[in-house]
Structures are given as structure tokens and as C-alpha cells.
Amino acid sequence: MKTSAELVAAVFESINAAAGTDSRTGQAPSSESVPVDPLRKLALLQLAINAAMNDAAASVHGSPVRAAALTQLAEGIYRSGSHGQILAAGACAETEANTLTESCLSALNQTLANLGDFASGAVTLPPDAVTGADRKPLHHDPAEFLKTQLHLGYFQAQHRINSSKRLTYHRGISGALNPPTCPHLAQILAQGAIDPRMVANAAAKFVALDPALDAQPDPAAARSGLEARIARTLATADEATVGKFIKQERIRLETSITERAEELTARFLGLRFRGDKPTGFLWEMTVDAEGHELLCTMADDLNNPRTASGKPTQAPRSGTGTTAERSVSADIGQIETNAADQPPLIPAWAVNPDMPEALRPRAGFTDVGQRPSGVDPWGFGIPDLLVGESPEAANARRRAQHLGQAVLDSIRSSLDPETPHGPNTPMRSRVELLVMVDYDVLTGLSQKPGITARGEKISAAEARRLACNAGILPIVMGGASQPLDLGQRRRFFSRAQKRAISARDRGCANPGCSMPPHRSEVHHIVPFSQGGKTDIGNGLLLCIRCHTAFHAGHFTIRVIDGLPYVVLPKSRDPIQRPMRNWVFHPEAAAA
């Protein structure tokens, strides 16, 4: 059985034989012929890969195993090509390919237009011809050359060139060979197991941390240690998780960054009128992390059919018959009955309670609080799906409408604090803001930022301010990021327990799942039927889908040092290591 090296050597031998054959006579070259150009070998490989890829795709024949194998093999080819893009960009920068003359570049493009002729040796590359030092080159720099030749964005082209310096050996201005500036990430790139694009993006984010790293007591050690942790995270997590991990490390390195960001944001906070447009009056709102969290939580609540706020209720309406219209009087708390033959009164909360009943508007005059027939359940007067509108666009439209209506209802409520919040008050929403903060932060012993349910950072000072607000739910954490547990013996978890578990898990506990706490359920690790207690230590968050998967036996749960860990199946983790969800705990991916 041949080894991988022997197989590669055999393939190259076949390519050399094919590339060395005289295209005009069909005969193999003589021993005196020159070696085959490696670029011609690459052209042959490209032709062969295209043909092999089509053959492989056609050979799937409905087999999911073959489809999965094709996916992994195609991904490997893509990663090799992405690695080649970085190498090629570095070569263009080193050789100053942007100085090629128009005639030379035109001849090169014409040669490569027919890849088969170049691979067979029927045509050859033109000789180098560069613009003189006293003339303006065709392209300003290598990045512009790549942009024009490959139809890239300028910054994308520059990113490739920068990545070649960070991740590969390259020559400096003096011609000396320089090592990559990110050696740990360069090693990950060379192994080929990770998408080169992910590695390059991680390298760019890591280099952006240089000012914070230079401020550390030992910059070299801090830089090497952080790069090694990023490399380990790349090996086990997706790109979004790697980005969260780097963001978390950035905040750890520079504790004052959140405070400065809040100071900068404060200049732009507010609600501004931007004009009267044909589609309506345009207002622009800029909020901070707290406001963003409130709006996101309210939007999710209003659009979640599993919540009370997400289930629209039809306001009672009178019609033909003997049913009387009833409403609650805001000032005396009694039931008002309207005769069946009279137009219905609007709800008492919609008018001044001091207004005489005879002077109050009737439903025929205004439909405040009353939903007319023939409209969507929320009363916007727009069908569920407009003509030519996709379901995705309709969902986005309704989401924006519900949130906008909730904001306006909140303003109305604040203008009239005595307004009762009855069941017919439109868009009545239960919104809670969850902020996780260490106890040392509340006592002033630490400046560690607080974390909202969606992972946004709030400065220590802001967290302490929010903890004084009765509408905010601070979750005080112990030393090992464990919520302080009071535990209760009953079948279902209390709201206080769910908040504490949400503060610890931050979302669904299954690694890779991104469901936030408000869309997750609390699961008994030791089943209640088997004597499991209903306390924080025996509960963890699982979304509905992952909860079902757990009961189907797709993964198991282990508790280590009081924290729940998930053990994935061997198909996802052959080692079956106990893991926390790296989406909400990026530091777990680097462990």
C-alpha cells in the first residue's frame, strides 16, 4: 500500500509526463529538454480538478455518505486554493507586479485565456516587461493590480497582501527572507485543516490588538500567549466564535475601552426627525447597549408566538345582536354597559376619565383600541403578505411594525401614567433586561464589564447604575461564574432560578447552538422523576430543538465543579471532551 507521499510523487510524475509531451508531435520530450514549467503543471491540475469535481458530483447517485465525502474533499480543494491566493498575493507584492506594462499584461491575459493551450505548451508566457522608473506604472500598487486583474475590492486585495506578510515567509525591502509576523497562526495555515480565510481574518484582528498588547508588562509574552490561544480556538470553533473570543480578549487587555466607547456613543444618543418621506415620517434612533438590549428583547418577545405578547388578542367588538359592549372605567373601576343598538364606546383608558360619557367619541368617530374587520391581527390594516412580497420580507415588516407600535404605546403610557393596562391595551409587552455582573463589580472591587443576555458589554459603572434600577434584573455571580443559589424543592423552576441559570449558561448549553436564554427551556440534569432537585445546580438551558435532541440520546450532560458540560457524539467530537457552548463562552473553545 502506497503512502501519501508516494501517491503524490506518482501524480506529479504523471503530470510531468503529460506536460512534457510535445503538443505538435505527441511524442515524449528528449532527455535534453528543459524541465516542465511548474505553472504549466498548475494549469494541468486546474483542468484535472474541474473535470474530477464534475465526475465526483455525478457519482453521488443519491448517497448521503458520498455527498458528505464530496463536501469534505471539495472543501479541502477550496482551502488549498485559498492558501494559494495568499501566496500569490505575496508574490505580486514582492515582485511589484503592478509595474508590468500594458502590452506585457495584455499578452499574459491572452495566454491564460485558453488554459489548455498553455498547459500543453502550445503557448508560453511573455517575457517580463516593466514600466521604467521615470514613468507612471499602469497600477498604483500591488493591491490595485490585484483589484483590477481579479475583480476584487481594493481592501480585499490589500487584505490578501497583508495576510501573506502575517502568515507566510516573505522578503523585505532589503531582499532578506522574513518570518511570518504571526507564527502560531502561520502554522495553522500551513497545516491546511482550517479555512485560510478564517485564519487570515483572525490574524488581522490579532494584529489590531498591538496597541493593547504593547501596553502589557511583558508585550512579547502577552502577544505569543494570546496568539497561541487564538490558534487553539480556530481549531475547535467557527468564525463567529473566534471573533467573540478575540473581542473578549481585547476587553480583557484594555479595561477602559468600554468606558471610552460609552463616552463616544453618548454624543450621538437620541431620537431625531429626518424628514417627511413618501413612505411616512422618518425618525432615526441611536441607542446605547442598554437601549439596544431593551429593543431586541421587546422585539423578540412581541414576535415570539410562544409568549403572551406574541399572541395577538382580538378586542371585543359589538355587532348585530343583543351582546352588550363592556369596558372598564378607569376612574371608578366599574363595568360600563353600552346598549346593543348604540355605537360602542371606546375603551375608558383611551379617553380622559374626567370627560362626561356623552361627550366621549364613539367608535364610528374613532377606532382607538378597536381593530376594524379585514385587517391583520395587529390592526395595521395590511394583509399578512403583500403582492410580490416574500415571506422573509413580510416577517421583517411585521417585526418592525410591532416594535414601532410598542415604542409608541410606551410613550402614550408615559404621558398618562394613570392609564390602566388592561388586556385590550395594544402591544402590552413583558420586557426584562438581564445583566450579568460579578459581585466584586457591585462592591467596587473590580472594573470588569457586565454582560447582557446577548453578549454586549456594559461598563462596570453602568452595571452598578443599572443594579439600582427596579426594572433591571441584576444576577450576582460567585467566584466561579456560578449564580448564588437559594434552591427550592418543587417541580418547576421559578423565574428567579431561570434568571440565575440564564446568567450562568447565557443561552442554550449545546455547543454550537446560538439560541438566547429567552428562547430556551430549563432542563433537569437529573430527572425530577428520578429524585433530581429543582435547583440551579441541577438545571441548564436547552432550546426546544436541542432539548428534543438530548432526550433522543444525541448528546449527554456532565456536571464538573458545579458547572454543566455537554459531551457531543463521536461524529462531532471523536475525543468526546466535556465542553461548554463556545458561542456564549468563547473562552471554552481555547481550553
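The values are calculated or read from the model by the stated rules, or taken from the named source; none is laboratory data. Keep in mind it's a predicted model, so treat the numbers as computed, not measured. Quick reminder, even Gly has a Cβ in these numbers, built from the backbone with ideal geometry, and neighbours come from all protein chains shown. What goes into the accessible areas is simple: the full protein's heavy atoms, side chains included, and nothing from ligands, DNA or RNA. Shrake-Rupley method; radii C 1.70, N 1.55, O 1.52, S 1.80 Å.
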Task: Residues of the stretch 213-233 satisfying the condition of being open to solvent by 30 Å² or more (accessible area, probe 1.4 Å) and within 22 Å of the chain's Cα centre (by Cα) - done: 229, 232
Task: Residue among 264, 269 that is open to solvent by less than 70 Å² (accessible area, probe 1.4 Å) and more than 18 Å from the chain's Cα centre (by Cα) - done: 269
Open item on the list: Condition first: in a loop (DSSP other than H, G, I, E, B) and under 21 Å from residue 246 (Cβ atoms). Can you find one or more residues in the stretch 197-207 that meet it?
Closed with: no
- [ ] Report whether or not residue 518 is crowded, with 17+ Cβ neighbours inside 10 Å and modelled with pLDDT under 90.
- [x] yes
Task: Among residues of the stretch 44-78, those that are open to solvent by 60 Å² or more (accessible area, probe 1.4 Å) and either within 30 Å of residue 166 (Cβ to Cβ) or under 27 Å from the mean Cα position of the chain (by Cα) (or both), counted - done: 8
TODO: Confirm whether residue 532 is surrounded by fewer than 13 Cβ atoms within 10 Å (Cβ to Cβ), at pLDDT below 90 and not in a helix (DSSP H, G or I).
DONE: no
Open item on the list: Here is a check on your reading of the model: is residue 309 at pLDDT below 85, in a strand (DSSP E or B), farther than 30 Å from residue 167 by Cα and open to solvent by less than 50 Å² (accessible area, probe 1.4 Å)?
Closed with: no
Open item on the list: Would you confirm whether or not the stretch 225-248 contains a residue that is basic (Lys, Arg) and in contact with an Asp or Glu (Cβ under 8 Å, 6 or more places away or on another chain)?
Closed with: yes
Task: The lone exception for residue 171 - which of (1) charged (D, E, K, R); (2) modelled with pLDDT of 90 or more; (3) within 30 Å of residue 226 (Cα to Cα); (4) more than 27 Å from the chain's Cα centre (by Cα) it fails - done: (2)
- [ ] Would you check if there is a residue in the stretch 123-140 being part of a helix (DSSP H, G or I) and either crowded, with 20+ Cβ neighbours inside 10 Å or at negative phi (or both)?
- [x] no
TODO: Kindly indicate the residue of the stretch 141-168 that is hydroxyl-bearing (Ser, Thr, Tyr) and closer than 16 Å to residue 207 by Cα and also nearest to the chain's Cα centre (by Cα) among those meeting that condition.
DONE: 163
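Residue-wise test of (1) modelled with pLDDT of 85 or more; (2) open to solvent by 30 Å² or more (accessible area, probe 1.4 Å); (3) under 28 Å from residue 294 (Cα atoms); (4) over 23 Å from the mean Cα position of the chain (by Cα).
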| site | (1), (2), (3), (4) |
| --- | --- |
| 496 | no, yes, yes, yes |
| 538 | yes, no, no, yes |
| 543 | yes, no, yes, no |
| 578 | yes, yes, no, yes |
- [ ] Might you check whether a residue that is among the acidic types (Asp, Glu), open to solvent by less than 50 Å² (accessible area, probe 1.4 Å) and touching a residue at least 60 places away in the same chain (Cβ under 8 Å) occurs anywhere in the stretch 186-195?
- [x] yes
Task: Matching residues, the stretch 89-107, being surrounded by fewer than 17 Cβ atoms within 10 Å (Cβ to Cβ) and within 13 Å of residue 148 (Cβ to Cβ) - done: 102, 106
Task: Total residues in the stretch 556-576, condition outside any loop (DSSP other than H, G, I, E, B) and either of a type in the set (Phe, Trp, Tyr) or surrounded by 13 or more Cβ atoms within 10 Å (Cβ to Cβ) (or both) - done: 8
Open item on the list: Among (1) farther than 30 Å from residue 299 by Cβ; (2) at pLDDT below 80; (3) not in a helix (DSSP H, G or I), there is one condition residue 553 misses while meeting the rest; what is its number?
Closed with: (2)
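Yes/no per residue for (1) under 20 Å from residue 81 (Cα atoms); (2) modelled with pLDDT of 80 or more:
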position	(1), (2)
35	no, no
48	yes, yes
60	no, yes
67	no, yes
Task: Residue in the stretch 236-252 that is modelled with the lowest pLDDT, counting only those that are hydrophobic (A, V, I, L, M, F, W, C) and surrounded by 14 or more Cβ atoms within 10 Å (Cβ to Cβ) - done: 251
